[in-house]
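*Asks:* Here it is, the structure, as structure tokens.
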Amino acid sequence: MRRLRRTEALRDLVRETELSPAHLVQPLFVVAGEGVREPISSMPGVERFSISELVGEAGEIAAAGIRAVLLFGIPADKDEQGSGAYDAEGVVQMATRALKEAHPDLTVITDVCLCEYTSHGHCGFIRDGEVDNDITVELLAKTAISQADAGADVVAPSDMMDGRVGAIRHQLDEEGHSGVPIIAYSAKYASAFYGPFRDAAESTPEFGDRRGYQMNPANAEEAVREAKLDLEEGADMLMVKPATPYLDVVRRVKEATEAPLAAFHVSGEYSMLKAAGANGWIDERAAVVETLTGIRRAGADVVITYYAKEAAEWLR
């Protein structure tokens, strides 16, 4: 076996898994205001951008070879209904229009959820102390339509409400957006690795937690059932989130569905690598490339990671 490992050229000849900038998606946080670049303390190297700054950052991302970004919005004001999510002049909608005008070849994926926009931090409409699934689905479909109207290339519902993919697909088709694909967060686990994101998006729930609608980390077969349901409802791509603690789920979903699959290398996964690298405990660059390659090897066609821009430079 060692003969084909002897030189770099030989190793490349028999390489089984490819990792390139084309496989990566860069998440971005957009906020209201002008000239804003706010560092996120729990995610070193990641910032919140106002729209003008976001356009400039997107140009650098595209120049690095990244072809897609995923937008998360933080509105100036939040309310119980999360109305900023489906406002035609909402921060994500305005950012989408600006990005498509400045960088028409960049694929803009928009997060479809209410948690960044609700005053209580949950992913949907609250009734009697719980998230009301059906009302929330209506608001999510409304959000997806407003984002598609603004020019979003892809919508990505991350809320984990039952039936939301079918409702969004129906509304997109009815409203003249039949060509807009859906990336469904099919297996989104109730994970401890989301903490830095909640700092960035100011979306920590005011009460309770999200275990009533996100998945139990102990379950894998359930992820396959979720994925199959989303495909039946019209999803074009599936997602597993987080990535590295759930590589077995990535493999199971890929083998069970054979559908295009994304894995989200989430904020906590990013921040752990950043902290270990900053302390000299690991070779950050080598560890990141190894991690992202492992996610691809497990079966992910697409890796969404806060390291996308940085990793793209390392992969050149």
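*Asks:* Can we say Thr305 is within 29 Å of Ile182 (Cα to Cα), more than 17 Å from the chain's Cα centre (by Cα) and among the hydroxyl-bearing types (Ser, Thr, Tyr)?
*Replies:* no
*Asks:* If you don't mind, there's one more thing I want to ask. Under 17 Å from the mean Cα position of the chain (by Cα), at pLDDT 95 or above, part of a helix (DSSP H, G or I) and among the small types (Gly, Ala, Ser) - does that describe any residue in segment 164-186?
*Replies:* Looking for residues that are under 17 Å from the mean Cα position of the chain (by Cα), at pLDDT 95 or above, part of a helix (DSSP H, G or I) and among the small types (Gly, Ala, Ser), one finds none in segment 164-186, hence no.
*Asks:* Also, quick follow-up: Among (1) open to solvent by 40 Å² or more (accessible area, probe 1.4 Å); (2) among the aliphatic types (A, V, I, L, M); (3) closer than 29 Å to Asp301 by Cα, where does Ile61 come up short?
*Replies:* (1)
*Asks:* Here is a list of conditions, (1) within 25 Å of Thr305 (Cβ to Cβ); (2) open to solvent by 30 Å² or more (accessible area, probe 1.4 Å); (3) in contact with a Leu (Cβ under 9 Å, 6 or more places away or on another chain), and Gln81 meets all of them except one; can you say which number that is?
*Replies:* (1)
*Asks:* Take the residues of segment 271-290 that are open to solvent by 60 Å² or more (accessible area, probe 1.4 Å) and assigned to a helix (DSSP H, G or I): which is farthest from Tyr307 (Cα to Cα)?
*Replies:* Ala278
Quick grid of which residues meet (1) over 18 Å from Asp105 (Cα atoms); (2) at pLDDT 95 or above; (3) of a type in the set (D, E, K, R); (4) in a helix (DSSP H, G or I):
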{"position": "Thr17", "(1), (2), (3), (4)": "yes, yes, no, no"}
{"position": "Pro27", "(1), (2), (3), (4)": "no, yes, no, no"}
{"position": "Gly33", "(1), (2), (3), (4)": "yes, no, no, no"}
{"position": "Ser41", "(1), (2), (3), (4)": "yes, no, no, no"}
{"position": "Pro44", "(1), (2), (3), (4)": "yes, yes, no, no"}
{"position": "Leu54", "(1), (2), (3), (4)": "no, yes, no, yes"}
{"position": "Val69", "(1), (2), (3), (4)": "no, yes, no, no"}
{"position": "Asp77", "(1), (2), (3), (4)": "yes, no, yes, no"}
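*Asks:* Check Ser203 against each of (1) of a type in the set (S, T, N, Q); (2) at pLDDT 95 or above; (3) crowded, with 18+ Cβ neighbours inside 10 Å and name the one condition it does not meet.
*Replies:* With respect to (1) of a type in the set (S, T, N, Q); (2) at pLDDT 95 or above; (3) crowded, with 18+ Cβ neighbours inside 10 Å, Ser203 is out only on (2).
*Asks:* Can you name the number of the only condition in (1) closer than 23 Å to Val69 by Cβ; (2) touching a strand residue (DSSP E or B) at 6+ places or on another chain (Cβ under 8 Å); (3) open to solvent by less than 10 Å² (accessible area, probe 1.4 Å) that Thr118 fails?
*Replies:* Here Thr118 clears every test but (1).
*Asks:* Does segment 79-89 include one or more residues that are in a helix (DSSP H, G or I) and within 30 Å of Leu19 (Cα to Cα)? Before the answer, list the steps.
*Replies:* First, pick out the residues of segment 79-89 that are in a helix (DSSP H, G or I): 83-86.
Retained after the next criterion (residues that are within 30 Å of Leu19 (Cα to Cα)): none.
Within segment 79-89, not a single residue is in a helix (DSSP H, G or I) and within 30 Å of Leu19 (Cα to Cα).
The values are calculated or read from the model by the stated rules, or taken from the named source; none is laboratory data. Small disclaimer: the values here were computed from a predicted structure and weren't measured. As a convention, Cβ positions derive from the backbone with ideal geometry for all residues, glycine included, and neighbour counts pool all protein chains shown. Ligands, DNA and RNA are stripped out before the accessible areas are found, and what is left, the full protein with its side chains, is counted by its heavy atoms. Shrake-Rupley method; radii C 1.70, N 1.55, O 1.52, S 1.80 Å.
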